[in-house]
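Structure record follows, encoded as structure tokens.
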Amino acid sequence: MAKLPITLQFNGGAELLFDNKKLHNVELISEHREWTIGKLLIWIKENLLKERPELFLQDESVRPGILVLVNDVDWELMDTVNYKIQPSDRIVFISTLHGG
Amino acid sequence: MAKLPITLQFNGGAELLFDNKKLHNVELISEHREWTIGKLLIWIKENLLKERPELFLQDESVRPGILVLVNDVDWELMDTVNYKIQPSDRIVFISTLHGG
Amino acid sequence: PYSTQLSCQEISRYSRHMLIPQIGMKGQIAMKQSSVLIIGLGGLGCPAALYLAAAGIGTITFVDYDEVEITNFNRQILHAEDNINVSKVESACDMLQANSNTLQNLFDKNKYDVVLDGSDNVATRYLLNDMCVLNQVPLVSGSALQMEGQLTVYNFEDGPCYRCLFPIPPPPDTVTNCGDGGVLGAVTGVIGALQALETIKILTKADNVMSGRLLIFDASSTTFLNVKLRKKQETCDVCGLKPKITQLIDYEQFCGSKAHDKVIDINILTEVENI
Amino acid sequence: PYSTQLSCQEISRYSRHMLIPQIGMKGQIAMKQSSVLIIGLGGLGCPAALYLAAAGIGTITFVDYDEVEITNFNRQILHAEDNINVSKVESACDMLQANSNTLQNLFDKNKYDVVLDGSDNVATRYLLNDMCVLNQVPLVSGSALQMEGQLTVYNFEDGPCYRCLFPIPPPPDTVTNCGDGGVLGAVTGVIGALQALETIKILTKADNVMSGRLLIFDASSTTFLNVKLRKKQETCDVCGLKPKITQLIDYEQFCGSKAHDKVIDINILTEVENI
Ligand SMILES: [Zn+2]
Ligand SMILES: [Zn+2]
């Protein structure tokens, strides 16, 4: 049961769903299977997300308007929900802003 | 003769002494001895600095007004000229600006 | 004069720009010959307009449907206090001592080199994106809320457009505007000045335009994240290989929300002035 | 009114700030009761002054010894075109509709909560640093040249002062000023707005002030480097354990150079106005 330490970051208002805390250092327990971001989203829903999951998740992905970044790179370039999480990865969930 | 690849960066006008090039990827050849920043300064003088070394170096260190950063940390916190360079280090030499 | 394209007075006025190697006389002439459209004269549009006017852009066109209110003064630095209830476009033109010239179908009659998005709602952002893709104009996009700001350039070279990143609009109840959430003036100042910078870089054909990258500014820690974005998407509804959107649509319906903050009247662009 | 310390009009005016959790009513009242000194009304001082005035800082004092020139207009956005040859302090006060009030020995008569350094030469920077250390006031320092800018806060809590970082002034022939090298207005806009931000953070007792850190802005790539600096140095000549400097010295002699850009008359602070 190896441990997979990663950093989660929420910005652009997404942190409001997580006790207004932007940085979360978490340890995933990796039994046999690998951790993908898809799996991480479910873990977040079950472990971190206190209320109104529909403001964060939709159809097994993030809701429209949230951008996911893996080590400062758009997850679209990293195979999105299928990306295999590595130790020390920093995964950022950023809600885009529209004000001006 | 192991190779020690590092990135050198010059900013704030210091790049003018280096062909106006801000980023330099270089490989130091590490024979037996370790490379310190003190030794690197001499290497820079002999290999990269084309003219007027006194605008960059003074008394075996950088001239007043230049700040040295090792992986985004002030070299004063890293033992200055005695810091032992590690592979992939990014060492930034920044000339402070005074205009407004 | 040193140049047939710049007067002696212009050379004095812009000398501190022309001394910069990346700008030079060539860049200054390019800026003089350029035309920029600024949408929204709020927290972002005000500083962006100030710095673009100060840089000597030849023609700047403003669009804003709103009037000046007292709640704007914490950040909308172009509007004078006696201009409460005056249109923002007039108020900005007052301040920049500009001429006025009302227009209707902006893109029909004009070729803009850059559009600068300082709007404050999702519907306008999709509208401007599609307008820029259909007219092949780069879109310098800024946004801000509370203590955060974001900056990127859409539809520039092989970089993505807004729809490449966000094919589906966010659910309306997840969107907070500045009227509800507040915004720090200095944050809009940083982002607006950065929008002016990117505009100048595009006009002067500089390298490293913020296309395919997103700058995320967190003012509460004074940190900037610079992240790499996807390229233009082949599947994009407007800039992709088989675009479904080939003319402007009903953006309020598409987003399920009004362009509530009134930066722009989606149907008729009424208040427009050039400087 | 909701508060005995803010009028209804002030509550409307600053509502977009007071909605921000990190500011709130408490922060707004703190800003109203604060006094900030801005040195230099050039490229940095202009946007900083605009955003601080817009944020509702109670008293802002300007110092600048210079007059408005045509070469300033690429970046010094507070000065109106008809104000050529007018003092910069007067010109800024015109624009911000401020009252004027001439002072002499600023620090003798006033307690500033923050000093904002928008000066443009080495001698003034050492003078302001020592003045702030001797009077225990944080110094929000910005600088810019061509396409680069730098920002940090000196003399705040256990962070370093300017002399901790730079005990010895740079050789005069290594210093380039904006008159020689040029500077992009949008770059001074970004740094000036960030100086306003840090000032507001200090006044509202926010976390993560840019003390012990340096922000390095490269506009040619739109990248920001945020680096960690040394702490206050025990050996520092002015803020250390055994300071050698216990009163102001001759800074032009110390630096071997004139305060050439005339931001401040080192001997007599002549042009000063409060808003
Ligand atoms: Zn697209
Ligand atoms: Zn010190």
For this session: Mind ranking D:19-28, B:6-15, D:228-237, D:112-121 by how tightly packed they are, going by the mean number of other C-beta atoms within 10 angstrom, highest first?
Result: D:112-121, B:6-15, D:19-28, D:228-237
Exercise. Please state the equivalent ellipsoid semi-axes for region D:144-242: what are the square roots of 5 times the Cα gyration tensor eigenvalues, largest first, in whole Å?
Worked result: 24, 20, 11
Exercise. Stokes-Einstein D for region A:2-95 at 37 °C, 0.692 mPa s, Kirkwood Rh over Cα pairs, in µm²/s?
Worked result: 248
For this session: Taking the Cβ of C:Arg13 as the centre, find all other residues whose Cβ is under 13 Å away and add up their charges (Lys, Arg: +1; Asp, Glu: -1).
Result: 0
Exercise. Given the protein assembly as shown, what percent of its DSSP beta bridges are antiparallel, to the nearest 5?
Worked result: 65
For this session: Quick one: Debye curve from the alpha-carbon atoms of chain D only, equal weights, vacuum; give me log10 I(q)/I(0) at q = 0.13, 0.16 Å⁻¹ to two decimals.
Result: -0.85, -1.32
Problem set entry | 5 angstrom amide H check on A:Leu48, placed H, neighbours 5+ away | none
Problem set entry | Computed accessible area, A:Glu27, all protein chains, 1.4 angstrom probe, square angstrom | 100
For this session: Divide by every residue of chain C the summed helix terms, -39500 (n - 2.57) for each DSSP H run of at least 4, and state the resulting mean residue ellipticity at 222 nm, rounded to the nearest 500 deg cm²/dmol.
Result: -8500 deg cm²/dmol
Seminar exercise, completed: The answer for chain B, accessible area per residue at 1.4 Å probe in Å², is 50
Exercise. For B:Ser88, what is the net charge nearby, where nearby means another residue's Cβ is under 12 Å from its Cβ and Lys, Arg count +1, Asp, Glu -1?
Worked result: 0
For this session: Distance between Cα centroids, region C:1-48 to region A:1-69: provide it in whole Å.
Result: 46
Exercise. Mind checking the mean number of beta-carbon atoms from other chains within 10 Å of the Cβ atoms in C:170-178?
Worked result: 6
Problem set entry | DSSP beta bridges in region B:2-95 [antiparallel fraction, %, rounded to 5] | 80
Exercise. Given the rule -39500 (n - 2.57) for each run of at least 4 DSSP H residues, summed and divided by the residues of chain B, what is its mean residue ellipticity at 222 nm, to the nearest 500 deg cm²/dmol?
Worked result: -3500 deg cm²/dmol
Problem set entry | Other-chain or far-sequence residues with amide H under 5 Å of B:Leu28's (modelled H) | B:Leu4, B:Ile6
Problem set entry | Two-decimal Rg/Rh across region D:4-102, once Rg and the Kirkwood Rh are taken from alpha-carbon atoms | 1.04
For this session: Could you work out the local net charge near C:Asn74, counting Lys and Arg as +1, Asp and Glu as -1, over the other residues with Cβ closer than 9 Å to its Cβ?
Result: +3
Seminar exercise, completed: Expressed as a percent, the accessible surface of region A:2-95 that is carbon or sulfur, using a 1.4 Å probe and the full set of protein chains, is 46
For this session: Calculate, for B:Glu31 and D:Glu157, the FRET efficiency according to 1/(1 + (r/R0)^6) with r their C-beta to C-beta distance and R0 35 Å; round to the nearest 0.05.
Result: 0.15
For this session: Please give the average number of partner chain Cβ atoms lying within 10 Å of the Cβ of each residue in D:50-58, rounded to a whole number.
Result: 5
Exercise. Roughly what angle does helix A:37-47 make with the longest principal axis of chain A, taking Cα atoms, 0 to 90 degrees, to the nearest 10?
Worked result: 70
Exercise. What are the residues whose amide H is under 5 Å from the amide H of C:Thr61, where those residues sit 5 or more places off or on another chain and H is modelled from the backbone?
Worked result: C:Val36, C:Leu37, C:Ile38, C:Ile275
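The values are calculated or read from the model by the stated rules, or taken from the named source; none is laboratory data. Keep in mind the model is a prediction, meaning the values are calculated, not measured. We place every Cβ from the backbone using ideal geometry, glycine too, and count neighbours over all the protein chains shown. Areas reflect the complete protein model, heavy atoms only, side chains present, ligands, DNA and RNA absent. Shrake-Rupley method; radii C 1.70, N 1.55, O 1.52, S 1.80 Å.
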